[in-house]
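The values are calculated or read from the model by the stated rules, or taken from the named source; none is laboratory data. Everything numeric in this text was worked out from a predicted model, so none of it was measured. When we count neighbours, we look across all protein chains shown, and the Cβ atoms used for this are built from the backbone with ideal geometry, even at glycine. Surface accessibility is based on the protein's heavy atoms, side chains included, excluding ligands, DNA and RNA. Shrake-Rupley method; radii C 1.70, N 1.55, O 1.52, S 1.80 Å.
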Amino acid sequence: MSVMTDQSTPHQSHVLSQDVKMGGSVPFWAVFKRELGLYFRSPVAYAIAFAMLFFLGVLFNGYLSQALDAQAGVLADAGYMPFLLTFLLFLIAPLLTMRLLAEEAREGTLEVLMTLPMHEGQFIIGKFLAAWAYYTVLLLLTLVHFLVLNSIGTPDMGQTFGAYLGAWLYGGAVIAVCMIWTAVTEDQIIAAFLSAATVLVLYLADVAALFITNTNPQLAEFVRELGLSAHYGSTMAAGIIRLEDILYFVFMIIGALFITTRIVETRRWRA
Amino acid sequence: MIEVDNLTKRYGEVAAVKGVSFTAQPGQVTGFLGPNGAGKTTTMRMLTGYMPPTSGSAKVAGFDVFDQSMQVRQRVGYLAESVPLYRDMTARGYLMYVGEIRGVRNVGRRADEVLDRVGLIDRAHSRIRTLSKGMRQRVGLAQALLHNPPVLILDEPTIGLDPYQVLELRSLVRDLGRDHTLLFSTHILSEAEQVCDKVVIINQGEITAQGSPAELRHDMARGGRILMRVQSDPEAAAELVRELPGVESAVVDPVMDGGIVITPSGVNSDPRTVIADTIIGKGIKLVELRPLAVNLEEIFLEFTRQQAVNEIAAEAAEQASADAETESA
């Protein structure tokens, strides 16, 4: 059964339209393709990529000359670049995500999306995957630094893998958290600021934990484990792949996307 | 087929739609008529599955809008009031996107078909932001037709168009009404009269009247105000009529060019025969005696006036909000 009914014969089309049968559709895939395409056509996305690569390049250059001066064996630390990238995520992720839902809400296109036969979760997942895919491209671009390191030293392959896998999951978690704020407000700037603030808080959780570690060590440990740094900087960036760290990022992604979906649903109830 | 039963939507204390019931039949254009803020958009949003009702129920193409939202969405084409579109996409690209989400097969060919249907095939590859308001409206309409739904819900499709585009769109709506269940809202009364097989009048979240334009006109013969003209001395005639049973007031209205506007005392009373007998019996030359409202515009004002009068009687001076309604009467 096809929806391709002939409009010129009203009777027939009426009969067929009563039992329109659609092909198997994967709505999130359509959303994903559109959003990813937008990143590659958007000047903002290229500006982000340029700024990030430029900044990382300058730091990498400084790191290299310092390491060469020292003539020490620290040269081949392949975890350094992914580590810096994860720090920069508090700037990158809000810029990548601020548009995703806020713009649809402001332009009113969310209303159309929500009257299509698609669950809210589908387009939120589609949009999230698109942002994550774009981040993945950025991450792969930083492999340039690894190639340079590889040509002048001998980086630890295990550490490299762990650091990049960790940076990838880290990015997914941060992007998912930023999705919450773009669902909350129609204002992209507010979404970006709140996202950046949230990511910084999560990033600095281990610093906060240091302050209370003397008064309440258990709480301090809890706060530290909640933060992003405890699951990347000292473990995966150093090539130590722990299941708990991977689960932390995966649950962060699932949890944040779940919250985002609920927020979009509630907006609809109040709309 | 759209069946709405006692549908209500509240935002906190405020009820935007209060127990609305009506049906829209296949093969007919049903007009949803009311002033701005009457609850038209809210009702339509509930019918499309965009927002859930607070209470009451509605069935679209046989499926409940709340419990079977996905089935309803598959069978409804919806044009939202503001015609939200992705401005950076081409008309065809946008249709492809919506079609892919909907799971329409051969989506490219189907997109071309509907673009052709709304007369926009030559602008298929233009970016939406370069299209005129009327063209965007048609892109929105193409989107609603894309999956060939049995039910079409169009929220103020003619708003913001130039007179020629309005005529085009009205004829398209009439045309589509023949093989769809078509519900469309408007605040333009003459439009509803021209296009609709059935009119549902909504005001302040409540349905004031419904029926075919002809039926509404007929109903107005009962309970509505009456216009009477006599050849000479209208004041004396008004004095006479005022004394009759079933007449609440009779005043000479300078706006009506010396006609006498008679208000019946009850909603269901029609004192016309008594008035005619009396006037003629007294030897006064009767020129005209008819319901005041003859076109939909007047009917609409009459219905909203009656509603306001009833409310004032019921609530007395309890709420000052009634002021706005009496103004519109």
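Observations, loosely collected:
- Here the label points at A:ILE189 and A:LEU219, each 7 Å from Cα along the C-beta direction, are separated by 3.7 nm in the simple model.
- Shape annotation for segment B:45-91: C-alpha extents along the principal axes are 39, 20, 12 Å, from largest to smallest.
- Estimated [θ] at 222 nm from DSSP helical runs (n ≥ 4, -39500 (n - 2.57)) normalised by residues in chain B, nearest 500: -11500 deg cm²/dmol
- In this calculation the C-beta distance from B:SER232 to B:LYS133 is compared with R0 = 51 Å, giving a FRET efficiency of 0.45.
- Antiparallel DSSP beta bridges within chain B, as percent of all bridges there, nearest 5: 65 percent
- Other-chain or far-sequence residues with amide H under 5 Å of B:GLY259's (modelled H): B:ASP253
- By accessible area with a 1.4 Å probe, ligands and nucleic acids excluded, highest first: order of A:ARG268, A:ARG224, B:ARG87, B:ARG75: B:ARG87, A:ARG224, B:ARG75, A:ARG268
- Karplus (6.51, -1.76, 1.60) ³J(HN,Hα), θ = phi - 60°, over segment B:241-246, in Hz, Gly and Pro reported as x: 5, 4, 7, 6, x, x
- Heavy atoms of the protein chains alone define the surface here; on that basis chain A has 46 Å² accessible area per residue at 1.4 Å probe size.
- P(r) histogram, all alpha-carbon pairs of segment B:110-206 included - 5 Å bins from 0, percent: 2, 12, 24, 24, 19, 12, 5, 2, 0
- Gyration tensor (alpha-carbon) shape descriptor, segment A:215-270, a/c threshold 1.5: oblate
- The alpha-carbon positions of the protein assembly as shown define a convex hull whose volume is 199 Å³ per residue.
- Note that chain A, at 25 °C in a medium of 0.890 mPa s, gets a Stokes-Einstein diffusion coefficient of 118 µm²/s from its Kirkwood radius over C-alpha pairs.
- Solvent-accessible area buried by A and B, counting both chains, probe 1.4 angstrom, square angstrom: 4000 Å²
- Per-atom-type breakdown for segment A:84-160 gives carbon and sulfur 70% of the accessible area (1.4 Å probe, protein chains only).
- C-alpha long axis of helix B:272-281 to longest principal axis of chain B, angle in °: 30 degrees
- Summarising the amide proton neighbourhood of B:VAL247: residues at separation of 5 or more, or on other chains, whose placed amide H is nearer than 5 Å comprise B:SER265.
- At least 27 Å along the helix axis (C-alpha) and Kyte average at least 1.0, DSSP helices within chain A: A:43-70, A:80-107, A:120-141, A:157-184
- Karplus-derived HN-Hα couplings along segment B:26-43 (A = 6.51, B = -1.76, C = 1.60, θ = phi - 60°), whole Hz, x at Gly and Pro: x, x, 10, 9, 9, x, 10, 10, x, x, 4, x, 7, x, 5, 4, 4, 4
- The residues of segment B:121-267 expose, per residue, 40 Å² of accessible area to a 1.4 Å probe.
- Compactness of segment A:119-271, expressed as Rg and Dmax over alpha-carbon positions, Å: 17.6, 60
- Computed from the C-beta positions of B:GLU215 and A:ILE254 and an R0 of 41 Å, the FRET efficiency is 0.15 to the nearest 0.05.
- The Cα atoms of chain B cover 77, 41, 32 Å along the three principal axes, with the biggest extent listed first.
- A cut-off of 5 Å between modelled amide H atoms, ignoring neighbours fewer than 5 places along the same chain, links B:VAL17 with B:LYS9.
- Members of segment A:250-271 that become less accessible by 50 Å² or more once partner protein chains are added (1.4 angstrom probe, chain alone as reference): A:ARG268, A:TRP269, A:ALA271
- Working note: Karplus 6.51/-1.76/1.60 with θ = phi - 60° gives segment B:189-203 the couplings 6, 5, 5, 4, 5, 6, 9, 8, 8, 9, 10, 10, 9, 10, 8 Hz, where Gly and Pro are set to x.
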